[in-house]
1. State yes or no: is SER9 at pLDDT 90 or above and assigned to a loop (DSSP other than H, G, I, E, B)?
2. Given the condition at pLDDT below 90, over 13 Å from the mean Cα position of the chain (by Cα) and assigned to a loop (DSSP other than H, G, I, E, B), answer yes or no: does some residue in region 47-67 qualify?
3. Which ones in region 12-23 are assigned to a loop (DSSP other than H, G, I, E, B) and modelled with pLDDT of 95 or more?
4. What are the residues in region 10-23 that are surrounded by fewer than 12 Cβ atoms within 10 Å (Cβ to Cβ) and not aliphatic (A, V, I, L, M), if any?
5. Of all residues in region 27-69, which are polar (S, T, N, Q) and either without any contact (Cβ under 8 Å) to a residue 40 or more places away in the chain or farther than 14 Å from PHE17 by Cα (or both)?
6. Among the residues of region 24-46, write down those that are in contact with a strand residue (DSSP E or B) (Cβ under 8 Å, 6 or more places away or on another chain), assigned to a loop (DSSP other than H, G, I, E, B) and exposed (fewer than 15 other Cβ atoms within 10 Å of the Cβ).
Amino acid sequence: MKANLSTHSRYPAHRAFVVQVAKPAPGEENVPLGRAEHLVSGQTTHFASWAELEAFIAQVLTKTENQPS
């Protein structure tokens, strides 16, 4: 693995999320169901579709990246 010698990380911490996806119970429809957390701010959400997860991530990133450093 090559070390990234750049002073700017391609994967900065303020863009880090933890996503947990639930396993459907027997007989349940296999839909994305889970929880997401933004690591820096601690904001969390539960989602029942990939669109909901994507909307949460976009909302958090828009909010955090528009804040003055």
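The values are calculated or read from the model by the stated rules, or taken from the named source; none is laboratory data. Predicted model, so just to flag it, every value in this text is computed and none were measured. Methodologically, a virtual Cβ is constructed for each residue, glycine included, from the backbone with ideal geometry; neighbour enumeration extends over all protein chains shown.
1. no
2. Looking for residues that are at pLDDT below 90, over 13 Å from the mean Cα position of the chain (by Cα) and assigned to a loop (DSSP other than H, G, I, E, B), one finds at least one in region 47-67, hence yes.
3. ALA16
4. Result: ARG10, TYR11, PRO12, GLN20, LYS23.
5. ASN30, SER41, GLN43, THR44, THR45, SER49, GLN59, THR62, ASN66, GLN67, SER69
6. Selection gives LEU39 alone.
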